[in-house]
Each structure stands twice: as structure tokens, then as C-alpha cells.
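Presented below is the structure to which this report refers.
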Amino acid sequence: MKYQYKNEFRHNLVEWFNNEKRDLPWRHTSDPYKIWVSEVMLQQTRVDTVIPYYNRFLDKYPTIQDLAYAPEEELLKMWEGLGYYSRARNLQAGVKEVVEKYNSVVPDNRHDISSLKGVGPYTAGAILSIAYQKAEHAVDGNVMRVLSRVLLIEEDIALPKTRKVFEEAVEMLIDEKHPGDFNQALMDLGAMICTPTSPKCLLCPVRDYCIAFNEGIADQLPIKSKKTKTKKVQFKVYLAADQKGRYLLEKRPSEGLLANMWQFPMIEINENSMSDETFKHNYNVEIKEYIEEQLLKFKHVFSHLTWEMDCVYVLVEPKNDLPGDALFLTIEEIKTLPMPVSMLKILNVLN
DNA sequence: AAGCCGGGGGG
DNA sequence: CCCCCAGGCTT
């Protein structure tokens, strides 16, 4: 596979980047640890969302050792609202491994860095190219979109095997002298010019070298097959206060959706089960009084799932020991726990 | 290869 | 309503 204009393409792209690049917090450092943090936060997450999290996170954990030994609950609280919470746990596991097995020095080769928890092909290439100036590919959604247009690649980017096509394309095109700038230039171009819909081709620094633009089909690329099917689940959520005005909270299981995050008790609504009976049975409590039959009702949307939440406010009295993962807490205590956004919406009503 | 894993912004 | 976002892990 050859591309006769690659030298000009490369030059124009990096030149554009030097003039137009966004001023982002992680572009003020070359610390591999900080680049690593930014790349993990940016997985499936927009730049504007990440910026405040990134600043707060590195203020709390300025060095790799600070993060390696942070309490998980505190770590999750710092990640609260970002989503994909396993990223935080995997990041800490990877960081801890670097501290203990690599003398706190982030590996500078693809083999070793890829062995770290949470570091996949993209993140490995991003850290290696940006922090260490290694000529490594870093193929993300932006890069696939840009190069599918420039090189008229019509493979389905939803298929895992397609990534290899783009990795080879980057290896062909990459600026060996400025690999970090080259990779980031592709991402900035994808974010600012070569956007998913309505690409601003007239402002594009490499449109002369873009096959799709010259054929007038840039807006038809990339090809992506996957479609999302979203399920609905109904829950009755119990804001259950005891005599002292504390609320019943529980910690979610250590695996699966929203692992280890805290929530108000919620019972899935089935056709053939009574939610209140299940609630009383599961938590060993008696419902003394219904304060609010419908305190709050809302939908919370995930990627593949929608929770339909029906929240009630009840006064309860413990009849026996609570389950091991549940306890009564004051509002102030609740606010220190990591909770998913769905639960923060409910917590806000209590104030 | 396909499913799971959050949340938000934009068309 | 839809899609997509500086993806990775598990099965």
C-alpha cells in the first residue's frame, strides 16, 4: 500500500496542528503518568467533559505513587460522573504495577506498556508517541474517520479486525520526527474539521490529498455497521429513612454495571412480584409509613439500557441485621460516597 | 466477533 | 430520536 502524497500530507497536517491545536491541560506536560491519566479519561469521553476531571484528579494525585496507593472509594469519588468506572480501577491497577515492577517508570515500549491493566492498543500508542516520541500508531475513532476519508478506506470500522488496516495506514503515514504531534494532529483534525457529520472540508489543511473529498463522498465515510439495541428495566427505588433521619444505602457488587458504586435500594418491578414485600424481605426492615408515594420519577439512559426509576419515600424500622453491603447513613455521609449519576439525581431531591 | 461497560453533547 | 465520543475487557 503506497500513498504518493504522504510527505506533503504529513507536512501540511503537522503544520496545521502547530498553528491550530487546542490548548489542553495535558498538552502542558510530558509526564507519561499524566498523559496516561488523560488518555484513560478520554476513552469514549469528550474533551470538554474530561478537562475539569483531569485537573481535579492530578491535583489530588500529582504523582504516580499518589494514585497507586489511593483508597478505592476515594478514587471512585474522583471519577464520579465520568462513567465507565472500571477505567479508574484498571488505571490504578496499571499504575500500581508500574510502581512495583517498573520502579515507577512507565514502560517506553509497546510490549511492556500493553501488558498494563487498562492499556489497550490505542492508549499504548498514545502514551508512547506523545510522552516518549516513539513512532507508534494510536488509532481511535477520530483517526479511523479521518483516514477512511483521506485514503478512501471502506472497511466496516465496527469490526475489530478493521483496526489493523488503520494501524498499518498510520505506520505508513506517520511523521517519524514528530510522532506525537502527528497522532494528535489526526485527532484534532477529526474533532475540529473532519467531523462525523458536516465535515468542514473547505477548512481542511489536507483536503488536496483526501480521496473522499476529491470524489465528493467525504460525508459518506466511514462505513459503520453496528446498531444499538436498548432495553428498558423498571425499578422502584426506596428512600428509606430510619427514626434518626438516616437513609438506607447499599454498595453494588464488585463486578458488572456500576461496580462498587453506592445506591439507594432499588427493586426491579416484575409482573408477578410485590416490590414492597421484596424490599422488606431483602433488607430486614418494616415499612412504618409511606411519606411520599411518588417522590421522583425519571429515566436514566445507559448505552444499552434504560432505567425507569420510580422513587418512593418511606419510614422504616430495622427488624433484624441489615445485609452486609447495606447500612443507614446521614446525608453528609452519603455525599462522601461514590454514586452513579442516576443516584445523584435522587440525592439532589433530598436537599 | 459480539456483548458489556456510563454519561453527555449535538444533529 | 439518533449517533458518537482520544476504547478495553470478557466471553
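Some notes on this structure:
- With DNA, RNA and ligands ignored, accessible area of A:Y3 (1.4 Å probe; Å², nearest 10): 30 Å²
- Accessible-area ranking of A:M274, A:M266, largest first, probe 1.4 Å: A:M274, A:M266
- Taking amide H as placed 1.01 Å from N in the peptide plane, the amide H of A:F302 sits under 5 Å from that of A:W307, each at least 5 places away or on another chain.
- Where a label projected 7 Å from the Cα of A:Q294 along Cα→Cβ would reach, residues of the range A:214-241 with amide N under 18 Å: A:234-239
- Diffusion coefficient, µm² s⁻¹, Stokes-Einstein with Kirkwood Rh over alpha-carbon pairs of the range A:165-212 at 37 °C and 0.692 mPa s: 282 µm²/s
- Carbon and sulfur %, accessible surface of the range A:116-169 computed with the full protein complex present, 1.4 Å: 49 percent
- Fraction of accessible area attributable to carbon and sulfur, the range A:282-340 (%, probe 1.4 Å): 47 percent
- With contacts taken as Cα pairs under 8 Å and at least 6 residues apart, the range A:60-100 reaches a relative contact order of 53 percent.
- Annotation: amide H-H contacts under 5 Å for A:Q234 (H modelled 1.01 Å from N, sequence separation of 5 or more, or interchain): A:I269, A:E308.
- Our coupling estimate for the range A:102-112, obtained by passing each phi through the Karplus curve with A = 6.51, B = -1.76, C = 1.60 and θ = phi - 60°, is 10, 6, 6, 9, 4, x, 10, 10, 5, 4, 5 Hz, Gly and Pro reported as x.
- Cα-based Kirkwood hydrodynamic radius, chain A, one decimal, Å: 23.0 Å
- In chain A, helical runs assigned H by DSSP with n ≥ 4 each contribute -39500 (n - 2.57); averaged across all residues and rounded to the nearest 500, the mean residue ellipticity at 222 nm is -12500 deg cm²/dmol.
- Working from Cα pairs under 8 Å separated by at least six residues, relative contact order for the range A:6-220 is 22 percent.
- Rg/Rg_ref, the range A:231-350, where Rg_ref = 2.2 N^0.38 Å and atoms are Cα: 1.00
- For the range A:126-169 and the range A:291-351, distance of Cα centres in Å: 42 Å
- Whichever lysines have a C-alpha closer than 24 Å to that of A:K164, once near sequence neighbours (fewer than 8 apart) are set aside: A:K2, A:K6, A:K117, A:K134, A:K177, A:K224, A:K226, A:K227
- Rounded accessible area per residue of chain A, 1.4 Å, Å²: 51 Å²
- Put simply, the C-alpha atoms of the range A:89-199 give a gyration tensor, and the ellipsoid matching it has half-axes of 27, 15, 12 Å, longest first.
- Accessible area (Å², 1.4 Å probe, nearest 10) - A:V349: 60 Å²
- Taken over the range A:1-122, the alpha-carbon convex hull comes to 132 cubic angstrom per residue.
- Set of lysines with alpha-carbon distance to A:K60 below 20 Å, sequence-local pairs under 8 removed: A:K34, A:K77, A:K96, A:K335
The values are calculated or read from the model by the stated rules, or taken from the named source; none is laboratory data. As the structure is a prediction and not an experimental result, all values here were calculated from the model. Note that each Cβ is placed from the backbone with ideal geometry, even for glycine, and that neighbours are counted across all protein chains shown. The accessibility values were calculated without ligands, DNA or RNA, using every heavy atom of the protein model including side chains. Shrake-Rupley method; radii C 1.70, N 1.55, O 1.52, S 1.80 Å.
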